[in-house]
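A short worksheet on the structure shown next.
The values are calculated or read from the model by the stated rules, or taken from the named source; none is laboratory data. None of these values were measured; they are calculated from a predicted model. Cβ sites come from the backbone with ideal geometry, for glycine too, and all protein chains shown count toward neighbours. These accessible areas exclude ligands, DNA and RNA; they are computed on the full protein's heavy atoms, side chains included. Shrake-Rupley method; radii C 1.70, N 1.55, O 1.52, S 1.80 Å.
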Amino acid sequence: MGWRADLDTIAALVRRAANELLRVPGAAIPGVLAPTIFFVGIVSVFGALTQLPGFGGTYQSFLLPISLMQGAGFTGAATGVNLARDIEQGWFDRLLVSPAPRPVLLAGLVISASLRSLIPTTVLLIVGFSLGVSWPGLGGLAIAVVIIMGMGTLAACWGTVLALRFKSQSAAPLMQMGMLVLIFTTTAYAPLALLTGWVHTVARFNPVTQIVETARQGFVGGVTWGDTWPGLLALAGLLALLSALALRGMRRTAF
């Protein structure tokens, strides 16, 4: 049946991504090392910010979800870089001339990114809990994992759009910086009420701010549906937009 063939194709692409990681384990280092250094460094420098009114819990707990999203962003960007490499080497052309539908090819790429985003997530959670991050509870942890996997998927879609547009690994900085700018122009370092000027304005209208606040539940404060659905809705909207652009790019690249 067609749906079984589609699932087999997705599974094959996910296995290929996993095999690449096993053959070159160093490829996972940037996605783990960079957000870990960011987390430890920022906590050391700005940890006293919690003395200001408006913070809840420790600064470690406030900052960790940002580092988790950063790790997912790097992981998704790596998927885009790998796709650009496959385009340069001609391997992706074989996929495009195969009978596999374009949405299936995209699903294989982004699902592998969402699963790989759990690698930096695991390392960062271990580091965070060892440095005093509050236990978010099973509900808060589950929400954070869903958000992180979603951000890995979002970053992979963004990387795919750029890889199909430029067809070169030289677009890697755009893949990484695009996600970092989107994440860091939120309430990354302080609550919205403490931000001023253009930083406050951008964070207020940036849809990723809702995603960040959803991921912070449990780490800072409790978990409620009222604080969960806006982030899930924003994530779904961004995924719909970028996946549509990625599919459009695949169709334009079709032979």
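Between the listed residues Val145, Gln210, Ala234, the Cα displaced farthest toward the positive end of the dipole of the chain, a dipole computed from Cβ unit charges relative to the Cα centre, is found at Ala234.
The charge dipole of region 105-255, taken about the Cα centre with unit charges on the Cβ atoms of Lys, Arg (+1) and Asp, Glu (-1), comes to about 600 debye, rounded to the nearest 20. Modelled this way, with points 7 Å down the Cα-to-C-beta line, the labels at Leu239 and Ser130 are 3.2 nm from one another. 3J(HN,Hα) couplings calculated from phi for region 160-172 with the Karplus curve 6.51 cos²θ - 1.76 cosθ + 1.60 (θ = phi - 60°) are, in sequence order, 5, 4, 6, 5, 6, 7, 9, 6, 8, 5, 5, 7, 3 Hz; Gly and Pro show x.
Helical runs (DSSP H, four residues minimum) scored at -39500 (n - 2.57) apiece and divided by the length of the chain put the mean residue ellipticity at 222 nm at -26000 deg cm²/dmol. Between the residues Leu180, Phe219, Val45, the greatest Cα displacement towards the positive end of the dipole of region 3-252, with unit charges on the Cβ of Lys, Arg, Asp and Glu, is found for Leu180. Residue-wise HN-Hα couplings along region 146-151, as the Karplus relation 6.51 cos²θ - 1.76 cosθ + 1.60 with θ = phi - 60° gives them from phi, are 4, 5, 5, 5, x, 5 Hz; Gly and Pro carry x. In this structure, the amide hydrogen of Thr186, modeled 1.01 Å from its nitrogen in the peptide plane, lies closer than 5 angstrom to no residue at least 5 positions away or on a different chain. Name the residue, out of Gly197, Gly90, Gly237, whose mean-square fluctuation peaks in a Gaussian network model built on the chain with Cα pairs under 10 Å. Most flexible of the set in this elastic network: Gly197. The packing ranking of peptides 143-151, 162-170, highest mean first, is 143-151, 162-170, where packing means the average number of other beta carbon atoms within 10 angstrom of each residue.
Could you give the distance between the Cα centres of region 123-145 and region 210-255, to the whole Å? Cα centroid of region 123-145 versus Cα centroid of region 210-255: 20 Å apart. Among the protein heavy atoms of the chain, carbon and sulfur supply 69% of the accessible surface, probe 1.4 Å, non-protein parts ignored.
For Gly218, the residues whose modelled amide H falls within less than 5 Å of its own, excluding neighbours fewer than 5 places apart on the same chain, are Val223.
Taking the longest Cα principal axis of the chain as reference, the axis of helix 118-130 is set at about 20 degrees. Taken about its Cα centre, region 3-252 carries a charge dipole of about 580 debye when Lys and Arg each add +1 at the Cβ and Asp and Glu each add -1 at the Cβ. A Förster radius of 25 Å, combined with the Cβ-Cβ distance separating Arg251 from Ala193, puts the computed FRET efficiency at roughly 0.05. Debye sum, Cα scatterers, region 3-252, no solvent: what log₁₀ I/I(0) at q = 0.09, 0.10, 0.11, 0.14 1/Å? Treating every Cα as an identical point scatterer, log10 I(q)/I(0) equals -0.39, -0.48, -0.57, -0.90. For region 69-84, backbone phi angles converted through the Karplus equation (6.51, -1.76, 1.60; θ = phi - 60°) give residue-by-residue couplings of 5, 5, x, 5, x, 5, 5, x, 4, 4, 4, x, 5, 4, 5, 4 Hz, Gly and Pro being listed as x.
Of the residues Ala240, Ala78, Ala188, the one that moves most in a GNM of the chain with alpha-carbon contacts below 10 Å is Ala240.
For the chain, the per residue solvent-accessible surface stands at 47 Å², with DNA, RNA and ligands left out and a 1.4 Å probe.
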